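A short write-up of the structure that comes next.
Read-outs: derived from the displayed coordinates by stated rules, not from any lab. Quick caveat, the model's predicted, so the values are computed rather than measured. We place every Cβ from the backbone using ideal geometry, glycine too, and count neighbours over all the protein chains shown.
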Amino acid sequence: MRRDFPNLHWYTETSDPTARYNCHAWGADTNAVWWEPARPDQHPSFPWARIYWPAGLPLYDLSLANFRRAHGSVGFEVCIDGTFDDGFEKVAHYMIGLDVQHTARQLPWGTWTSKLGMGMDIEHGDPQALEGPKYGAVAGYMRRRSQAKLVPPASGLLFAKP
């Protein structure tokens, strides 16, 4: 974990690993499908996964503009930064080169949540915590009025990682 995420100082595991959904779907607050700009009947690595991409958006396009349009389809709009705005939830898109690699979502109490590939979901402090060789750097943010159905963690659940 430390090699992939050198800035990740603490996190809490919030789910078991699964290939049912990915970080882009989790950014849209769903765990029912895998969001990817690929044909719905043909996932290159996980043929059993249910693939979703908003209608009318280009396939095989990993650009920030395409992911912004995808998250825009569920109410997100481009915003300036990832600072906490009460009543809103935000997403951060991470890029390496010209390709989006990851999406993280801000929770209603200000921390962030990420689905790590086919692995677990985690709660982490800020979007910069996941910057590094695996996902690259945050390239932009979006926000929408809070849709969250979650409750904040009880105090003491978060723990430090050495």
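If you take the Cα centroid of region 1-26 and the Cα centroid of region 78-96, the two points sit 18 Å apart.
If each residue of separation counts as 0.36 nm, what is the full-extension length gain between THR12 and ALA32 once their alpha-carbon separation is subtracted?
Between THR12 and ALA32, full extension yields 5.0 nm more.
Here the calculated FRET efficiency for ILE96 and ALA55, from their Cβ-Cβ distance with R0 = 22 Å, stands at 0.20, rounded to the nearest 0.05. Would you mind classifying region 1-42 by shape? Square roots of the alpha carbon gyration tensor eigenvalues, ordered a ≥ b ≥ c; an a/c under 1.5 is rounded, otherwise it is prolate if a/b is larger than b/c and oblate if not. In terms of gyration-tensor shape, prolate.
Can you classify region 1-150 as rounded, prolate or oblate using the Cα gyration tensor, where a ≥ b ≥ c are the square roots of its eigenvalues, rounded means a/c under 1.5, and otherwise it's prolate if a/b beats b/c and oblate if not? Intermediate values should be presented prior to the final figure.
Details: a/c = 1.39, a/b = 1.19, b/c = 1.17.
Here region 1-150 falls in the rounded category.
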